[in-house]
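The values are calculated or read from the model by the stated rules, or taken from the named source; none is laboratory data. Quick caveat: nothing in here was measured; it's all calculated off a predicted structure. Because the Cβ atoms are built from the backbone with ideal geometry, glycine has one as well, and the counts that use them run over all protein chains shown.
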Amino acid sequence: MRGMAASLLALLLLLAGTPARAELVLSLSKARVTITSNFTGDTLVLFGVIDPGVVAPSASPDVVVTVRGPRESFTTWRKERRFGLWVNVDGRSFLAAPSYLAVLANRPPADMADAETLRWEQAGLDNNRLLQRIGSDYADVVPQDPFRQAFLRVKQAQGLYFERPAGVEFIAPNVFRATIPIPGTAPIGAYEVVVKTFNGGALAGQGTLPLEVAKVDFEQTVAITAQDYPWLYGLATALMALTVGFIANIAFRRD
Amino acid sequence: MTIYLPIAELPVNIFTLLALGIAVGFISGMFGVGGGFLMTPLLIFLGVPPAVAVASVSTHMAASSFSGTLTYLRRGLVDVRLGLVLLAGGLTGTLAGVVSFMLLRQLGQLDLVIAVTYIVLLGTIGSLMVAESLRALLREWRGEKAQVKRPGAHPWFLRMPLKMRFRQSRIYVSVIPVVTIGFAIGFLGALMGIGGGFLLVPALIYLLRVPTLTSIATALMLTLVTMTAAILMHAVLNQTVDAVLGLVLMVGGTIGAQFGARAGQAMRAEKLRLLLGLLVLAVGLRVAVDQIVTPADLYAVSIDEAAR
């Protein structure tokens, strides 16, 4: 809560010092999620202020917050029964897909604008572009594509992809707040928080903030050693295993 | 209490891991198997990426097999000579297995080959062990005397050239089948991501006619060497060894293995073989059920290339 208050204060200070024409001002409770040995997930709070000048007094603005994790390549496999066994018969590569994808909005994104605009702006889970390799071609396919749907379904079941149509809350007519959950299994790397505001079915403003998920202290030391000094790491681990085995043998020795 | 695993990159409950280590350690100490064929699937079930699970389990197996080997060495049950000859075939087999692993992964059929190998191998070996040990128990129950081994009644493959005497195992056989068994174990172990102890013990007992306890002790020594090599190989080639995960598992595992080893020695050899046979058969059936029953989701997603 204190972090939240501090970031709100920072935002207000930022607002006070900002020159007149900022359409959208954003502030994240922290720009870096640090992973220590007791990390089980974290929650970030995003505050945003929409410049009242751009919003017509009668209209209510819509907000879509999209958080994308570091890109990874995946393969989605389809199984079929062959000779009584379930076998992977067909696979599609998803290239550079976000490893984490959170969509937060103040109401279902489908109600905010027409389908084409939403698709162009990648607003909503189904409208995010997922590049597939089909033969020698690279393309995104229709949202009804079974491989694409299966990919989204599996990632949602893992808790790494989700859409919360009530995840953005307006605390004043032009000030909003969004809570971004980072699960314990969140991939390490550079994240991107993209905020898009819609007004009257059209894009009104957008802003981007960087976010980093990183290991620190012991976790970082272990990971860096494993990567940069693999021989040392392997030998140390093997030695550790033999030591534990030896100690156990001595400790439990009966004869 | 949860702990974050730095290489697997996920938080897990430390007590779940400890309990897992103790349970699998007990089984591995009792039967002289590495326990990888139980531990690896259980870790994957907890959410650990398969590559990290396979690599980290090798640290657990190295620790508990070292502890077990020391106990058996003190009792003079390890046939070091037999172990070294097996190892000569085993290391070549491991290399062949790693190459096949890479080829099959490129074809996208690795999972299927692994599942079918598990079903065929575990099903066959489990059934054979259960049948044989039941027959032995039945004979004893009827009060019949066990068949006396006649020295001249060796099967043809033990009578091949290059004979060698293995004193501890009380056998005098050709090294060709011994090296072949080592090769097969190394190959299947690398392909299936297991230590291969549960394959080696029955192979030594039934094919080479090594006494049960010597088989278990020698298999443990072989597991120790191959798993230590596996730690280094995985650490250098794939960077998938999670030392924190390994440490928690091995602390639980070595404690479990001590009690398992004692339970194993207190038990009759036939009963021990029956239990191991049932266990192997159960794991084989489990894999078969997974492959035959319609999965909840007909689609699965695998990571090709991580962001790092």
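Of the set (1) in contact (Cβ under 8 Å) with a residue 24 or more places away in the chain; (2) among the β-branched types (V, I, T); (3) surrounded by fewer than 20 Cβ atoms within 10 Å (Cβ to Cβ), all apply to A:V213 but (3). Report, by residue number, each residue of the stretch B:234-292 that is touching a strand residue (DSSP E or B) at 6+ places or on another chain (Cβ under 6 Å), surrounded by fewer than 23 Cβ atoms within 10 Å (Cβ to Cβ) and not β-branched (V, I, T). Matches in the stretch B:234-292: B:Q291 only. Candidates are the residues of the stretch A:211-255 that are outside any loop (DSSP other than H, G, I, E, B), among the charged types (D, E, K, R) and at negative phi; the one that is farthest from the chain's Cα centre (by Cα) is A:D228.
Going by the conditions given, is A:L95 of a type outside the set (G, A, S), within 17 Å of the chain's Cα centre (by Cα) and within 28 Å of A:L211 (Cβ to Cβ)? Spelling it out, A:L95 is indeed of a type outside the set (G, A, S), within 17 Å of the chain's Cα centre (by Cα) and within 28 Å of A:L211 (Cβ to Cβ).
I'd like the residue in the stretch A:127-178 that is of a type in the set (A, V, I, L, M) and within 14 Å of chain B (Cβ to nearest Cβ) and, out of all such residues, is surrounded by the fewest Cβ atoms within 10 Å (Cβ to Cβ).
Of the residues in the stretch A:127-178, the ones of a type in the set (A, V, I, L, M) are A:130-131, A:134, A:139, A:141-142, A:150, A:152, A:154, A:157, A:160, A:166, A:168, A:171-172, A:175, A:178.
With the extra rule that they be within 14 Å of chain B (Cβ to nearest Cβ), the set shrinks to A:130-131, A:150, A:152, A:154, A:157, A:160.
Values: A:L130: 21, A:L131: 15, A:A150: 19, A:L152: 20, A:V154: 18, A:A157: 12, A:L160: 18.
Ranking the candidates gives A:A157 first.
Is it the case that the stretch A:222-238 has a residue that's facing chain B (nearest Cβ under 8 Å), among the hydroxyl-bearing types (S, T, Y) and over 30 Å from A:P109 (Cα atoms)? Within the stretch A:222-238 (the criterion being facing chain B (nearest Cβ under 8 Å), among the hydroxyl-bearing types (S, T, Y) and over 30 Å from A:P109 (Cα atoms)), the answer is yes, since at least one residue qualifies.
Just wondering, is there one or more residues in the stretch A:100-113 that are within 12 Å of another protein chain (Cβ to nearest Cβ) and not small (G, A, S)?
So in the stretch A:100-113, the residues within 12 Å of another protein chain (Cβ to nearest Cβ) come out as A:100.
Add one more test, that the residue is not small (G, A, S), and what stays is A:100.
Scanning the stretch A:100-113 turns up at least one residue that is within 12 Å of another protein chain (Cβ to nearest Cβ) and not small (G, A, S).
Have a look at B:R268, B:R262 and point out the one that is more than 17 Å from B:L20 (Cβ to Cβ) and within 14 Å of chain A (Cβ to nearest Cβ).
The match here is B:R262.
Among the residues of the stretch B:219-232, some residue qualifies, meaning at least one is surrounded by fewer than 23 Cβ atoms within 10 Å (Cβ to Cβ) and either without any contact (Cβ under 8 Å) to a residue 40 or more places away in the chain or closer than 21 Å to B:L18 by Cβ (or both). Restricting B:T40, B:T117, B:T69, B:T94 to those that are at pLDDT 85 or above, outside any loop (DSSP other than H, G, I, E, B) and either more than 30 Å from A:L85 (Cα to Cα) or not aromatic (F, W, Y) (or both) reduces the list to B:T69. Taking the stretch A:75-84 as the search range and keeping residues that are within 7 Å of another protein chain (Cβ to nearest Cβ) and in a strand (DSSP E or B), which one is surrounded by the fewest Cβ atoms within 10 Å (Cβ to Cβ)? Checking each candidate, the answer is A:R78.
Which one is surrounded by the fewest Cβ atoms within 10 Å (Cβ to Cβ), of the residues in the stretch B:41-96 that are touching a strand residue (DSSP E or B) at 6+ places or on another chain (Cβ under 6 Å) and away from chain A (no Cβ under 13 Å)? Looking at the filtered set, the residue picked out is B:R81.
Pick from the stretch A:179-196 the residues that are within 13 Å of another protein chain (Cβ to nearest Cβ) and of a type in the set (A, V, I, L, M): which of them is nearest to A:P70 (Cα to Cα)? Explain how you work it out, then say what you get.
Of the stretch A:179-196, the ones within 13 Å of another protein chain (Cβ to nearest Cβ) are A:182-192.
Next, from what is left, pick out any that are of a type in the set (A, V, I, L, M): A:182, A:186, A:188, A:190.
Details: A:I182: 13, A:A186: 10, A:I188: 8, A:A190: 6 Å.
For the stretch A:179-196, the residue satisfying everything is A:A190.
Of the residues that sit in the stretch B:1-30 and are out of contact with any Lys or Arg (no Cβ under 9 Å at 6 or more places or on another chain) and among the aromatic types (F, W, Y), which one is nearest to the other protein chains (Cβ to nearest Cβ)? That would be B:F26. Here the condition is being in contact (Cβ under 8 Å) with a residue 12 or more places away in the chain and assigned by TED's automatic domain parsing to the domain that holds A:A115; of A:A202, A:A157, it holds for A:A202 alone.
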